[in-house]
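Chemist: Supplied in structure tokens, the structure appears directly below.
What follows draws every value from the coordinates through simple rules; no lab data is involved. It should be emphasised that the depicted structure is a prediction, and the values quoted were computed from it without experimental measurement. Here the Cβ is made from the backbone with ideal geometry for all residues, glycine too, and neighbour counts use every protein chain on show.
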Amino acid sequence: MATFKEFRNNVKPNWCPGCGDFSIQAAIQRAAANVGLEPENLAVISGIGCSGRISGYINAYGFHGIHGRVLPIAQGVKLANRELTVIASGGDGDGFAIGMGHTVHAIRRNLNVTYIVMDNQIYGLTKGQTSPRSAEGFKTKSTPEGSIETTLSPLEIAMSAGATFVAQSFSSDLKQLTKLIEEGINHEGFSLINVFSPCVTFNKINTYDWFKANIVNLEQFPEYDASNRVMAMNKIMETNGMLTGLIYQNKERKSYEDLVTGFKQEGLAKQDIKITPEQFDKLVAEFK
Amino acid sequence: MISQLSWKIGGQQGEGVESTDRIFSTALNRLGYYLYGYRHFSSRIKGGHTNNKIRISTKPIRAISDDLDILVAFDQESIDLNAKELRLGGVIVADAKFNPTIPEGIDTRLFAVPITAMAEELGTSLMKNMVASGASWALLGLPLDVFNKAVEEEFGRKGAAIVEKNVEAVKRGAEFVLEQAGGPLDEFKLDAADGQQKLFMIGNEAIGLGSVAAGCRLMAAYPITPASEIMEYLIKKLPHFGGTVVQTEDEIAAVTMAIGANYAGVRTMTASAGPGLSLMMEAIGLAGMTETPLVIVNTQRGGPSTGLPTKQEQSDLNAMVYGTHGEIPKIVIAPASIEDCFYDTIEAFNLAEQYQVPVILMTDLQLSLGKQSCDQLDYNKIEIKRGKLVTDVPALEGHDLFKRYELTEDGISQRVLPGEKGGLHHVTGVEHDETGRPSENALNRQNMMDKRLNKLNDMYVREAIRVDAPHDTPDLLIIGMGSTGGTIDEARSLLEQEGVTTNHITIRQIHPFPTKPLLPYLQKATKVIVIENNATAQLAGQIKMHAGFADKIESLLKYDGNPFLPSDVHKACKELSLDGNVQRV
Ligand SMILES: Cc1ncc(C[n+]2csc(CCOP(=O)(O)OP(=O)(O)O)c2C)c(N)n1
Ligand code: SF4
């Protein structure tokens, strides 16, 4: 079994010192080792943004795609070889702005993919424009007078789209984050893990200290039941989305792969693709 | 006795035009006739005039005809719109219900058959299609038992009572019309066909079949006319082969899902038409840059924007050739027949893997949806070539990565699939080094660009150009692509009778442009006419750009939404051969 060190490579990330994304990288590496993966059986698919570089920093199969399309690519990989563990990852712009359509539908589809969003409430790579996650009134290069659009709640959207696994964490809480990623990987279906990941360079409002002061850990509520959808939705609203921990998990619903007629456990990519003369004749006979 | 005949059925969309056509042609196919169908429809589902035309022949045919022998009309509008196509001596079979009248100035025989009434007598107006096709069948004097067998197969699943009712509907339609006409019409007596059942399918089905044969096991697509039949076919078939079809949220998801699945090792395709192709452009560049195999079918329809969504056009050529920002290698193949649709699909999957590039299979609406007979397809010609896909590669040392983008002589590198222990590497749409890691190094950039762009040097698909050149120095060299070939050939035989000699080249490899094989024919030609369904002469543009000869190339263009008729081509070629100017139709 691989140790977390085996999920490291020799590339020095080009993130700014102090960027929240470092810890997320570490958490993925630890979680991968903890659940017993080997590097060759892990595919990390990432979007475009500072965060999107993550697939290059983990020793595994990495695919760095195009802006906003991380989820369809990841779902394609999973459909092609369900024996792989597929982690998709990208920024809040990637997943909740340009890629929002895919996010909602990936949730509905419920393929066994773990989606980790590095949510810094701003566009990092393009040097500081507003994101759908920015607070109202938030001043950025593209909103000099402050954002006048409502902040998007990915947790509420995920819940209403029928998500089977919704979690949120904070990049400083490596222990919780690692555990949630492990749970996400083990979950039979689509898992959304939104992670507050401060951008130390462009976001001077949502800082580490700001998060520490504003988030509540679900552990504080011993009566909280993550299998209760109504409770989950209420908690998200009560805390204005500033909660961390496993928010909701539905273990009943089958994954997409399990619902596709005739879909085998063996990865499709490994199956023989040549058809037999008998199969061919049968197909052709329909056109006579 | 005649060797060919044209039949058309018209009515409101949704009132049985399709099913009448289907049952009538299935029965004809049984007898071994060659058929060629053309569907005229609007994008409304119910309502709106629609008509289906079939040509019936004892010899292979690949074009619609100019004229018409029998028109079956469910309403007066169908007569008003289509009667002018009837040739002298042609007949109309119309539903007596609407008191059909023949438009002024048209000389034809009208048989008013109580189509709706008879169907209703038997329980449901849905059986109109049976009465109408029975009447048509009887006029041709064809054996009724063959027809009844087709009916049995169509409705067998629904039980004997239903079959019986439908057979009865056919019989009543047949008897009524025979009494009116005084027996089958002699002038419509077809020569016997060879009795060999052909395959009778639309291009989209041939593509679907081809992809199953090619080992395609996943499809990701978003519905659009005229591409949807491919996904509808595959969703029925792929589960039997372990695969599936995903209807995605849009075409961007479709193409990127296909890229992900191809990267992970499954032959996966997507199919769309112009609007979807436009949405896929960025992702096509990703496939080119990451050297991920990808097959896209683009079934062209009338553009731009929503354009003429249910009409014929060939106007996406430039989009397919040039589309995506930056410069990538890409293959664009244009099948020109049903057989091509099948074999080219298999080749597209092979080329995508052999060259690790995106391949676009380009059809047009008439080829995708026109139902045609084709001779048997050959299992033994199905070959699966996966190029430099490797397994069991040696273990890696330390932090080494597999050189997925190794610079090689032919520019093609070994490809491994995720899951392979010694194959770890990175993939990115950012410029990268041999291991796939991002690199902005200038020399590396140049090497990688050259590697990718030179992969397709001297790459030719099967019959990159299809040549029919009986003459050494013909009066005219005619060049076309896609569904127009059959029409061109019909016009040629007329021209030939009039003493105008022609050669015909079908361009099947649209990109990279097959300049080398085409050049000698252009050199020898005195006059060239390029025939295409678009307004800006896109194919002619490619020829002039790559091969030159602008001074001797003329264009015949049609972009009114309809396919070329043999008469369009005949007229233009005749004028050109007499040194006239070619008019746009
Ligand atoms: C189609 C497209 N549009 C725009 C861009 C430019 N772009 C790159 S990353 C990005 C947003 C980055 O923000 P986010 O996704 O939140 O990631 P972060 O950099 O903050 O990690 C944008 C707009 C692009 N690469 N592609
Ligand atoms: S700009 Fe912000 S998000 Fe990007 S690396 Fe720097 S700190 Fe991280």
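Chemist: At 20 °C and 1.002 mPa s, what whole-number value in µm²/s does Stokes-Einstein give for the translational diffusion of segment B:4-197, with Rh from the Kirkwood sum over Cα pairs?
Modeler: Rounded to a whole number, D works out at 130 µm²/s.
Chemist: At a Cα cut-off below 25 Å, give the lysines reachable from A:Lys270, other chains included and same-chain residues fewer than 8 away excluded.
Modeler: Within the straight-line limit of under 25 Å, A:Lys270 reaches these lysines: A:Lys78, A:Lys254, A:Lys282, B:Lys236, B:Lys237, B:Lys381, B:Lys385, B:Lys388, B:Lys403, B:Lys421.
Chemist: Next question. Quick one: what are the phi-derived ³J(HN,Hα) couplings along segment B:514-529, Karplus 6.51/-1.76/1.60 with θ = phi - 60°, whole Hz, x for glycine and proline?
Modeler: Karplus-based 3J(HN,Hα) across segment B:514-529 equals x, 4, 4, x, 7, 3, x, 6, 5, 4, 6, 6, 8, 9, 10, 10 Hz.
Chemist: Follow-up question, since we're still on this one. Under the rule of -39500 (n - 2.57) per DSSP H run of 4 or more residues, summed and divided by the residues of chain B, what mean residue ellipticity at 222 nm is obtained, to the nearest 500 deg cm²/dmol? Mind dumping the intermediate values first?
Modeler: Numbers: 18 runs with 213 residues, N = 585.
Helices in chain B give a 222 nm mean residue ellipticity of -11500 deg cm²/dmol.
Chemist: How large is ³J(HN,Hα) for each residue in segment A:53-66, as worked out from phi by the Karplus curve 6.51 cos²θ - 1.76 cosθ + 1.60 (θ = phi - 60°), to whole Hz, x for Gly and Pro?
Modeler: Per residue, the Karplus-derived 3J(HN,Hα) values read 5, 4, 5, x, 10, 10, 7, 6, 6, x, 10, 9, x, 10 Hz.
Chemist: If you don't mind, there's one more thing I want to ask. If the viscosity is 1.567 mPa s and the temperature 4 °C, what Stokes-Einstein diffusion coefficient in µm²/s follows for segment B:1-101 when Rh is the Kirkwood radius over Cα pairs?
Modeler: Details: Rh = 13.8 Å.
Taking Rh from Cα pairs, D becomes 94 µm²/s.
Chemist: Using the crude model of +1 on Lys and Arg Cβ and -1 on Asp and Glu Cβ, and no other charge, please compute the dipole size for segment A:126-183 relative to its Cα centre, in debye to 20.
Modeler: It comes to approximately 260 debye.
Chemist: Here's another thing I want to ask about it. Quick check of the Kirkwood formula: for segment A:182-288, what is the inverse mean of 1/r over all pairs of different Cα atoms, in Å?
Modeler: That comes to 18.6 Å for segment A:182-288.
Chemist: Same structure, new question: Sequence-distant or interchain residues sharing an amide H contact under 5 Å with B:Gln300, placed H: which?
Modeler: B:Thr363, B:Asp364, B:Leu365
Chemist: Could you please state, rounded to a whole Å, how far the C-alpha centre of segment B:339-395 is from the C-alpha centre of segment A:223-264?
Modeler: Value for the Cα centre distance between the two parts: 42 Å.
Chemist: What is the Cα centroid distance between segment B:1-44 and segment A:113-160, reported in whole angstrom?
Modeler: Using only Cα atoms, the two centres lie 56 Å from each other.
Chemist: Within 10 Å of each Cβ in A:272-282, how many Cβ atoms from other chains are there, averaged over the peptide?
Modeler: 5
Chemist: Let me ask something additional. Taking the Cα centre of segment B:201-381 as origin, sum charge times position over the Cβ atoms of Lys and Arg (+1) and Asp and Glu (-1), and report the length of that vector in debye to the nearest 20.
Modeler: 280
Chemist: Taking the Cα centre of chain A as the origin and placing charges on Cβ (Lys, Arg +1; Asp, Glu -1), which of A:Gly95, A:Phe63, A:Leu192 is farthest toward the positive end of the dipole?
Modeler: Towards the positive end, the residue furthest out is A:Phe63.
Chemist: Beyond 21 Å, how much of the Cα-Cα pair distribution for segment B:201-381 remains, as a whole percent?
Modeler: Of all Cα-Cα pairs in segment B:201-381, 41 percent lie more than 21 Å apart.
Chemist: Right, next: Taking amide H positions as placed 1.01 Å from N in the peptide plane, with prolines and chain starts having none, which residues 5 or more places from B:Ile478, or on another chain, fall under 5 Å of its amide H?
Modeler: For B:Ile478, the qualifying residues are B:Asn503, B:His504, B:Ile505, B:Ile529.
Chemist: Using only the Cα atoms of the protein assembly as shown, each taken as one equal point scatterer with no solvent, compute I(q) by the Debye sum, divide by I(0), and report log10 of the ratio at q = 0.06, 0.07, 0.10 Å⁻¹.
Modeler: Debye intensities relative to I(0), on a log10 scale: -0.48, -0.64, -1.08.
Chemist: Which whole-Hz ³J(HN,Hα) couplings does segment A:276-288 yield from phi under the Karplus relation 6.51 cos²θ - 1.76 cosθ + 1.60, θ = phi - 60°, glycine and proline marked x?
Modeler: Coupling constants for segment A:276-288: 8, x, 5, 4, 5, 4, 5, 5, 6, 4, 5, 9, 8 Hz.
Chemist: Suppose the Debye formula is applied to equal point scatterers at every Cα of segment A:93-181; what is log10 I(q)/I(0) at q = 0.11, 0.13, 0.24 Å⁻¹?
Modeler: Relative scattering, expressed as log10 I(q)/I(0), comes to -0.35, -0.49, -1.23.
Chemist: Over 14 Å apart: what share of the alpha carbon pairs of segment A:217-265 falls there, rounded to a whole percent?
Modeler: Result for the distance tail: 57 percent.
Chemist: Using the basic label-point model (7 angstrom from Cα toward the beta carbon), what is the A:Glu38 to B:Ala535 distance in nanometres?
Modeler: Result: 6.0 nm between the two label points.
Chemist: Extension gain A:Arg108-A:Ser172, at 0.36 nm per residue separation less the Cα-Cα distance, in nm? Don't jump to the answer; show the numbers that get you there.
Modeler: On the way: separation 64, 0.36 × 64 = 23.04 nm, distance 3.00 nm.
Result: 20.0 nm gained on full extension.
Chemist: Give, to the nearest whole percent, the P(r) tail of segment B:465-577 beyond 25 angstrom, counting all Cα pairs.
Modeler: Numbers: 750 of 6328 pairs.
Here the long-distance tail beyond 25 Å is 12 percent of all Cα pairs in segment B:465-577.
Chemist: While we're here: Taking every pair of Cα atoms in chain B, average 1/r, invert it to obtain the Kirkwood radius, and report Rg/Rh to two decimals.
Modeler: 1.02
Chemist: Give the average, rounded to an integer, of partner chain Cβ atoms located within 10 angstrom of each Cβ in B:211-217.
Modeler: Across B:211-217, the average partner-chain Cβ count within 10 Å equals 4.
Chemist: Please name whichever of B:Asn318, B:Thr306, A:Ser142 sits farthest to the positive end of the charge dipole of the protein assembly as shown, dipole taken about the Cα centre and charges placed at Cβ: Lys and Arg +1, Asp and Glu -1.
Modeler: A:Ser142
Chemist: What is the extension gain from A:Gln129 to A:Arg8, computed as 0.36 nm multiplied by their sequence separation minus the C-alpha to C-alpha distance, in nm to one decimal?
Modeler: Contour length minus the Cα-Cα distance gives 40.4 nm.
Chemist: Shifting gears a bit: If you build the Cα gyration tensor of segment B:342-478 and take the root of 5 times each eigenvalue, what three semi-axes come out, in whole angstrom, biggest first?
Modeler: Square roots of five times the eigenvalues give 39, 20, 14 Å.
Chemist: Still on this structure, I have one more. If amide hydrogens are placed 1.01 Å from N in the peptide plane, which non-local residues have theirs closer than 5 Å to the one on B:Val295?
Modeler: Counting only residues 5 or more places away or on other chains, the set is B:Thr268, B:Thr270, B:Val359.
Chemist: Same structure, new question: If you average the C-alpha positions of segment A:50-69 and of segment B:222-238 separately, how far apart do those two centres end up, in angstrom?
Modeler: Using only Cα atoms to place each centre, the spacing works out to 32 Å.
Chemist: Hull surface divided by four, with the convex hull built on the Cα atoms of chain A: how many nm²?
Modeler: 17.8
Chemist: Further question on the same structure: Using the Kirkwood radius over Cα pairs, work out the Stokes-Einstein diffusion coefficient for segment A:163-217 at 10 °C and 1.306 mPa s, in µm²/s as a whole number.
Modeler: It diffuses with D of about 130 µm²/s by this estimate.
Chemist: With only Lys, Arg, Asp and Glu charged, each at its Cβ (+1 for the first two, -1 for the last two), find how big the charge dipole of segment B:460-585 is about the Cα centre; round to the nearest 20 debye. Working shown, then result.
Modeler: On the way: 13 positive and 15 negative charges, 90 e Å.
It works out to roughly 440 debye.
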